[in-house]
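As structure tokens, the structure follows; a few thoughts come after it.
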Amino acid sequence: MDIFIAPVKFSNVQLLKNLTAELSKRFSCKTNIINLSIDIDNFLSKERGQYFSTQIIAEAVKLTPGFNGKVILLTDVDIYVPVLTFIFGEAQLNGKHSIVSVCRLHEEFYSGESNDSLLLQRTIKEVLHELGHNYGLVHCLNWDCVMHSSPGIEEVDIKGAAFCRSCASRVESFKY
């Protein structure tokens, strides 16, 4: 089962390359970059200035029925679900699709200063977190685990960058 990364309104080619390389190291499957023709502007909330992630995932589901693996949408735009102010990502629990936004993972969003290394670390954590949900994992209480809940950027920075032993043992194709 492969991992497919679909950039949607995403422009950071170097981050995409680095993320693909990192996922290839951590999972015993092929990581592919794919193009999906999704017009996410249809899912923009003008009132919020954000994109409704659940609807974007639903559109991706329609376009990927023959894909055998996990499909991760990667975007630069700010995403949300109605009950929260913003989210870093969303995933189908025990499903195939997830989305991660790097919009609020950029350090310049908070401090005005760019930090490509920190952006890569944060992106890896959030992609692994959403993939964990795809593999059936729920939030973990262990702060060293990438599956720890992270409603804010501070929690993203504090939590670990890998699955804890308990969570890793439940992700079959994970190289631990």
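The values are calculated or read from the model by the stated rules, or taken from the named source; none is laboratory data. Bear in mind the structure is a predicted one, so any value in this text is a computation, not a measurement. Cβ coordinates were reconstructed from backbone atoms using ideal geometry, including for glycine residues, and neighbour counts include every protein chain displayed.
Annotations
- Flag for Val100 being part of a strand (DSSP E or B), of a type outside the set (Phe, Trp, Tyr) and within 12 Å of the chain's Cα centre (by Cα): yes
- In region 103-117, the residues that are among the polar types (S, T, N, Q) and either buried (at least 17 other Cβ atoms within 10 Å of the Cβ) or in a helix (DSSP H, G or I) (or both): Ser117
- Condition met for Glu90 (charged (D, E, K, R), buried (at least 20 other Cβ atoms within 10 Å of the Cβ) and under 17 Å from the mean Cα position of the chain (by Cα)): yes
- Within region 13-30, the set of residues being surrounded by 12 or more Cβ atoms within 10 Å (Cβ to Cβ) and at pLDDT 95 or above comprises Leu15, Leu16, Asn18, Leu19, Thr20.
- Asn134 vs. criteria on the phi > 0 side of the Ramachandran plot and in contact with a Gly (Cβ under 7 Å, 6 or more places away or on another chain): no
- The lone exception for Phe67 - which of (1) under 25 Å from Asp2 (Cβ atoms); (2) modelled with pLDDT of 95 or more; (3) of a type in the set (A, V, I, L, M, F, W, C) it fails: (2)
- When residues in region 135-155 are screened for being touching a residue at least 12 places away in the same chain (Cβ under 8 Å), farther than 12 Å from Gly89 by Cα and either of a type outside the set (Val, Ile, Thr) or out of contact with any Phe, Trp or Tyr (no Cβ under 7 Å at 6 or more places or on another chain) (or both), 11 of them pass.
- Residues being in contact (Cβ under 8 Å) with a residue 40 or more places away in the chain and of a type in the set (A, V, I, L, M, F, W, C) - total across region 85-101: 4
- Applying a threshold of 6 Å to beta carbon distances and a minimum spacing of six or more residues, or different chains, the list of pairs starting in region 28-46 at a residue that is closer than 18 Å to Ile124 by Cα and ending at one that is part of a helix (DSSP H, G or I) reads Thr31/Thr20; Thr31/Leu23; Thr31/Ser24.
- Between Ser149, Ser101, the distinction of being touching an Asp or Glu at 6+ places or on another chain (Cβ under 9 Å) and either more than 24 Å from Phe67 (Cα to Cα) or hydrophobic (A, V, I, L, M, F, W, C) (or both) belongs to Ser149 only.
- Flag for Val81 being surrounded by fewer than 19 Cβ atoms within 10 Å (Cβ to Cβ) and closer than 25 Å to Ile153 by Cα: yes
So that you can scan it fast, the table gives a plain yes or no per residue for (1) assigned to a helix (DSSP H, G or I); (2) touching a residue at least 12 places away in the same chain (Cβ under 8 Å):
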| residue | (1), (2) |
| --- | --- |
| Ile5 | no, yes |
| Ser11 | no, yes |
| Leu19 | yes, yes |
| Lys25 | yes, yes |
| Ile57 | yes, yes |
| Gly66 | no, no |
| Ile72 | no, yes |
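- Sole residue being surrounded by fewer than 21 Cβ atoms within 10 Å (Cβ to Cβ) and either in contact with a strand residue (DSSP E or B) (Cβ under 9 Å, 6 or more places away or on another chain) or assigned to a loop (DSSP other than H, G, I, E, B) (or both), chosen from Leu141, Leu131, Leu120: Leu141
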